[in-house]
Amino acid sequence: MEYKIEIEKMDHFGRGIGKINNKIIFVPHTVKGDIVVVKIVKDKKKFYEGEVIQYSKKTPRIKLCPYSNVCGGCSFIDIDYKEQLKIKIEKIKDLFQKELGISIEIEEVISDSNTNYRNKIRLHGKNKKLGFYKEKTNDLVTIDECIISKDEINSIMKRLNLIIDNNMDEVMIRSNKEVMLDIKGSISKDIVLHHFKDIDTIYLNDFLIKGKGYITEDILGKTFMISNKSFFQVNTKICSKIFSKILNYLKTKNYHKALDLYCGVGVIGILISDYIDKVIGIEVIDTAIQDANQNKKLNKVNNIDFICDKVENRIHEFQDIDLIIVDPPRSGLDKKSLSSIIKMNPETIIYISCNPNTLIRDLKEMLIRYKIESFFMADMFPNTYHVECVALLGRK
Ligand SMILES: C[S@@+](CC[C@H](N)C(=O)[O-])C[C@H]1O[C@@H](n2cnc3c(N)ncnc32)[C@H](O)[C@@H]1O
């Protein structure tokens, strides 16, 4: 059965929302104002999920990218950027209201350019082609430009397409102050070296074939080494703005001992080390901790120790901590770490989150003993539904 509906608003994942006989339907690839003929593909108790059969009226789209709705990367790409930010703000406000009963005051929404911001991409290879996987499939969409990635990444992508006849299974391109290529496949070392003479560091099938094995990035006056397996924030401009805001807050306080949990290559710990007597960073990936220790030397920092382990294995060991900064993966904090952090009773907790759902889940527990002193958002991933949030908590 087919239904003609109007898309009334957008959901948190960039899908349009309409109604069929007063029941909500989520329709991917539609935007507010569209009138579409849809069919129901899932009938759930409280909502439908639908698919567009025909557009009767199409709200004008921002046609930034030729692969929109195909490559699976940017579900907001057709939406005007100001509207994208509005959707993200609404999403956060809704979540706080619904889940925590709080009308959250958003101090600032940090944003910058919505294109050419990504400093890292991973391409997949299949049948002598390179590209991204189509949404929710392993079908390859060949691309030779990704408008959210830095120009340098796009130029390397074009050059990779010139040697496409060589089998490449996966290619990671990282562009910070220098450029790194990490290729997996049966392409020969000579071909790679011949075509990428200008690239600083190259790995082929996990062997370093050129350069030092790491590249660097400058953030707020400090320099950070990044290896191929270490996490590094994909939007350097936005993460610098986030960290700068956190530093401005710390400058007004007088903390002695801080934990930087899920510390990656040590960026936050090293940045805050100027304002705190002692910092301890914990991270599970050993190459990231190796980078963190090098970064400590590079920046001549003496008051920070890095531990390579899972946070949940070590969190119970620390005492007299007055500041805890957490920047966990999308899964948020595990129960053990969450309860240990609260039990430790630090004066301040700063929660940096890339997943508002797990942030809210964890805040539910934290807000029994803590209150939100400041909250801001950052559009770290423009044109996607993802959003970064920072909550600054003080003891009640
Ligand atoms: C969102 S990143 C944050 C990195 C760092 N704060 C930064 O800004 O560069 C999350 C980090 O947590 C690490 N990680 C994931 N699970 C972990 C765990 N259970 N214990 C410790 N580190 C973990 C990941 O390897 C990753 O480096």
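Brief remarks on what is shown
- Flag if D260 is crowded, with 22+ Cβ neighbours inside 10 Å and either touching a residue at least 60 places away in the same chain (Cβ under 8 Å) or over 12 Å from I325 (Cα atoms) (or both): yes
- Residue list for region 147-164, restricted to those being β-branched (V, I, T) and either assigned to a loop (DSSP other than H, G, I, E, B) or over 22 Å from I199 (Cα atoms) (or both): I147, I148, I163, I164
- Complete set of residues in region 37-59 that are among the acidic types (D, E) and over 12 Å from I20 (Cβ atoms): E51
- Which numbered condition K126 misses (of (1) more than 30 Å from Y214 (Cβ to Cβ); (2) in contact with a strand residue (DSSP E or B) (Cβ under 7 Å, 6 or more places away or on another chain)): (1)
- Qualifying residue in region 136-147 (condition: on the phi > 0 side of the Ramachandran plot and either of a type in the set (A, V, I, L, M, F, W, C) or in contact with a Gly (Cβ under 9 Å, 6 or more places away or on another chain) (or both)): yes
Residues checked against (1) within 29 Å of the chain's Cα centre (by Cα); (2) modelled with pLDDT of 90 or more; (3) of a type in the set (D, E):
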residue: I35; (1), (2), (3): no, yes, no
residue: I62; (1), (2), (3): yes, no, no
residue: S68; (1), (2), (3): yes, no, no
residue: C71; (1), (2), (3): yes, no, no
residue: K93; (1), (2), (3): yes, yes, no
residue: K98; (1), (2), (3): yes, yes, no
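- Verdict on I110 being in contact with a helix residue (DSSP H, G or I) (Cβ under 6 Å, 6 or more places away or on another chain) and modelled with pLDDT under 95: no
- Residue satisfying all of: in region 177-194; surrounded by fewer than 22 Cβ atoms within 10 Å (Cβ to Cβ) and within 23 Å of Q233 (Cα to Cα); farthest from the chain's Cα centre (by Cα) among these: K184
- Enumeration of residues in region 114-146 that are outside any strand (DSSP E or B) and more than 17 Å from the chain's Cα centre (by Cα): N127, K128, K134, E135, K136, T137, N138, D139, I143, D144, E145
- If you go through region 296-336 and keep only what is out of contact with any helix residue (DSSP H, G or I) (no Cβ under 6 Å at 6 or more places or on another chain), acidic (D, E) and within 14 Å of the ligand (Cβ to nearest atom), you end up with D309, E317, D327.
- When the strands (runs of 3 or more DSSP E) confined to region 187-277 are screened for residues that are charged (D, E, K, R) and more than 16 Å from the ligand (Cβ to nearest atom), none reaches at least 3 such residues.
- Each residue in region 329-339 was checked for being without any contact (Cβ under 8 Å) to a residue 24 or more places away in the chain and not basic (K, R), and 1 pass.
- Of the residues in region 322-331, not one is within 19 Å of F96 (Cβ to Cβ), of a type outside the set (V, I, T) and buried (at least 22 other Cβ atoms within 10 Å of the Cβ).
- A Cβ distance below 7 Å, combined with a sequence gap of six or more or placement on separate chains, defines the contacts here; from region 273-299, residues that are at negative phi reach residues that are at pLDDT below 95 and assigned to a helix (DSSP H, G or I) in the pairs Y275/L250; Y275/K251.
- Neighbours by Cβ (under 6 Å, 6+ apart or cross-chain): first from region 340-363, in contact (Cβ under 8 Å) with a residue 60 or more places away in the chain and in the same structural domain as C263 (by TED's automatic domain parsing); second within 12 Å of the ligand (Cβ to nearest atom) and part of a strand (DSSP E or B): I350/I325; I352/V390
The values are calculated or read from the model by the stated rules, or taken from the named source; none is laboratory data. None of the values given here were measured: they were computed from a predicted structure. Here Cβ is always computed from backbone atoms with ideal geometry, including for glycine, and neighbour counts include all displayed protein chains.
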